[in-house]
1. Do you know which of the residues in region 1-26 that are surrounded by 16 or more Cβ atoms within 10 Å (Cβ to Cβ) and part of a loop (DSSP other than H, G, I, E, B) is modelled with the highest pLDDT?
2. Taking region 27-71 on its own, how many of its residues are within 20 Å of Glu83 (Cα to Cα), among the charged types (D, E, K, R) and either touching a residue at least 60 places away in the same chain (Cβ under 8 Å) or not in a loop (DSSP other than H, G, I, E, B) (or both)?
3. With the condition kept exactly as written, say whether any residue in region 72-90 is of a type in the set (Val, Ile, Thr) and part of a helix (DSSP H, G or I).
4. Is there a residue in region 44-59 that is surrounded by 17 or more Cβ atoms within 10 Å (Cβ to Cβ), of a type in the set (A, V, I, L, M, F, W, C) and farther than 22 Å from Ser19 by Cβ?
5. On the basis of being more than 11 Å from the chain's Cα centre (by Cα), among the acidic types (Asp, Glu) and either within 18 Å of Asn32 (Cβ to Cβ) or surrounded by fewer than 13 Cβ atoms within 10 Å (Cβ to Cβ) (or both), does Asp66 make the cut?
6. Taking Asp86 and the conditions (1) surrounded by fewer than 15 Cβ atoms within 10 Å (Cβ to Cβ); (2) in contact with a strand residue (DSSP E or B) (Cβ under 8 Å, 6 or more places away or on another chain), which numbered condition does it fall short on, given that it satisfies the others?
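The values are calculated or read from the model by the stated rules, or taken from the named source; none is laboratory data. Since the structure is predicted, the reported quantities are computational estimates derived from the model, not experimental observations. Counting neighbours? That spans all protein chains shown, and the Cβs are built from the backbone with ideal geometry, glycine included.
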Amino acid sequence: MKHVKLFEQFLNEAARLRSQRDWERDIADEVNADGDEIIDDLDNGYFKATYDGYTGFDIVVYNHKDKEIGTGAIDCDGCGSSEILDAIWGEVRDIA
């Protein structure tokens with residue numbers, strides 16, 4: 001089973017974001033997106049990263065009272081799912 005899991009990880013990382021087609025076929029599922037949004041909790045709030053339809057994401061960070069505390073944007077051209085998540089979290093940390 002370990003070999004199957006490693007092969008599964010290889011396939012996941014083989015998908016790279018270069019167009020909306022890549023997003024719809026592979027990447028959205030791998031990053032647990034709800035439609036075009038990735039939403040996750042922070043210690044003192046949450047963030048929304050919205051896919052822009054090409055290779056970028058618009059990020060909004062909110063506090064625990066749903067008040068916007070900052071925005072940012074990143075370009076993930078050619079990134080795999082884990083690289084996309086790392087880039088989003090990096091931007092969120094810079095904003096918060």
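1. Among residues in region 1-26 that are surrounded by 16 or more Cβ atoms within 10 Å (Cβ to Cβ) and part of a loop (DSSP other than H, G, I, E, B), the one modelled with the highest pLDDT is Leu17.
2. 8
3. Scanning region 72-90, I find at least one residue that is of a type in the set (Val, Ile, Thr) and part of a helix (DSSP H, G or I), so the answer is yes.
4. The answer is yes; a qualifying residue exists.
5. Considered against the rule, which asks whether it is more than 11 Å from the chain's Cα centre (by Cα), among the acidic types (Asp, Glu) and either within 18 Å of Asn32 (Cβ to Cβ) or surrounded by fewer than 13 Cβ atoms within 10 Å (Cβ to Cβ) (or both), Asp66 comes out as yes.
6. Among (1) surrounded by fewer than 15 Cβ atoms within 10 Å (Cβ to Cβ); (2) in contact with a strand residue (DSSP E or B) (Cβ under 8 Å, 6 or more places away or on another chain), Asp86 violates only (2).
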